[in-house]
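A short worksheet on the structure shown next.
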Amino acid sequence: MELLIYALTVALAGILLRPVLRRLPVPGWLERARHRGRPGVPVTAWLGCLLLLGVLWLIGELRGLAGALLFGLWVLAPIAAAWVTSLWLRRPTAP
């Protein structure tokens with residue numbers, strides 16, 4: 001049940017953040033890597049996300065502001081990895 005609630009939280013936060021993330025330009029490093037055909041960028045983003053989630057899990061539950069910050073990172077890490085992946089898969093616009 002807890003995993004389902006976490007997945008729902010990440011999905012809803014991703015839906016709410018989608019308009020903000022669409023307005024952000026594609027970072028230069030990602031554009032250059034996509035142009036060079038480096039498929040490791042999304043893989044690295046997801047591995048970094050999993051590593052961060054593992055570290056946060058090892059830290060454990062904290063109360064107060066630190067707990068809220070850790071929970072925010074816990075939710076935003078998969079959203080950031082999904083954002084990098086979506087930018088990677090998006091077709092480049094013609095200049």
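Summary of values
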read-out	value
Residue among Leu3, Thr44, Leu56 farthest towards the positive dipole end of the range 1-71, charges placed on Cβ	Thr44
Within the chain, GluC sites (Glu not before Pro) in DSSP loop having at most 12 other beta-carbon neighbours inside 10 Å	Glu61
Normalised contact order of the chain, rounded percent, pairs of Cα under 8 Å and 6 or more residues apart	44 percent
Table column - 3J(HN,Hα) (Hz), the range 55-60, Karplus curve with 6.51, -1.76, 1.60, x for Gly and Pro	5, 5, 5, 5, 5, x
Size of electric dipole in the range 2-89: Cβ of Lys, Arg +1 and of Asp, Glu -1, about Cα centre, debye, nearest 20	460 debye
Anisotropy class of the chain from Cα gyration tensor, a/c 1.5 cut	prolate
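Any read-out appearing in this document is the output of simple, stated calculations on the displayed coordinates, not a laboratory observation. Only a predicted model underlies this, so the values are computations on that prediction, with no experimental measurement involved. Cβ atoms come from the backbone with ideal geometry, glycine included; neighbour counts cover every protein chain shown.
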